[in-house]
Every structure is written in C-alpha cells, then in structure tokens.
Amino acid sequence: MTNNEWGFITLPTHANPEQRAIARLKIASEMSLKHYKTPLLLTYSDGKDSCVLTELALRAEIPFEVMHAHTTADAPETVHFVRSEFSQLENRGIRCSILFIRHFPVIFIIF
C-alpha cells in the first residue's frame, strides 16, 4: 500500500485477495474514525457475504460495529441465526444492534 503525490492509496494488484480485502477494510476503518469519529459499521443480512465481511473485519483487527435490519419478512431461522452470531460477536466485544422495521412505505401506481 503506497500513497502517491495526489494522496491516493494504491493497493498492489498481485496481492492475495484476502489480504487486499483486509487492507481495504483498514483504509475504510481509518476513514470512518478520522471523518466520523466512529467505528466502521457493517450491515449484516445473515448471508454468506455478510459472514465473510464480518470475518475479514475480525482478521483485520479493526474497530467495527454490526447492524442487522430485521423486517417482518425474516424467516424464524434467520432471526435465530442472526441472534446466535451477534451473541458470539458481543462476547468478543463487538457492538451489535438489530434495527426493527415494522412498516415500509407503500406506493401505489395506477396506470
């Protein structure tokens, strides 16, 4: 990772993809702390992408928080999985929150 004269950060393209992802998370974390004075916030759906991103953030050893938006459409299995994962993360000192969404705006379009 190098800084050039314009202030851009360049990541080597030949690096291991996992190491590149971790380097990018570290950059995002630094930006969040510098500009917003808060840890990076990861949104969590319970899918494989969310699980991988959370694991990469743990490996990057950056400060971060995790949030899940719970809708009334979530299957019970999803709710149990998210709560189980969040319990494990909270035991590691990671702040987790669940946003409960009860109503969505509905727009009717009549042709």
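The values are calculated or read from the model by the stated rules, or taken from the named source; none is laboratory data. Bear in mind the structure is a predicted one, so any value in this text is a computation, not a measurement. Counting neighbours? That spans all protein chains shown, and the Cβs are built from the backbone with ideal geometry, glycine included.
Please work out if Ala23 is modelled with pLDDT under 95, surrounded by 15 or more Cβ atoms within 10 Å (Cβ to Cβ), over 17 Å from Val66 (Cα atoms) and out of contact with any Asp or Glu (no Cβ under 7 Å at 6 or more places or on another chain). Judged against the criteria, Ala23 is a match. Summed over the range 54-100, residues that are small (Gly, Ala, Ser), under 17 Å from Glu30 (Cα atoms) and touching a strand residue (DSSP E or B) at 6+ places or on another chain (Cβ under 8 Å) total 1.
In the range 54-70, the count of residues that are more than 15 Å from the chain's Cα centre (by Cα) and surrounded by 13 or more Cβ atoms within 10 Å (Cβ to Cβ) is one or more.
Does Glu18 fit the bill of being modelled with pLDDT of 95 or more and not hydrophobic (A, V, I, L, M, F, W, C)? Criteria not met by Glu18.
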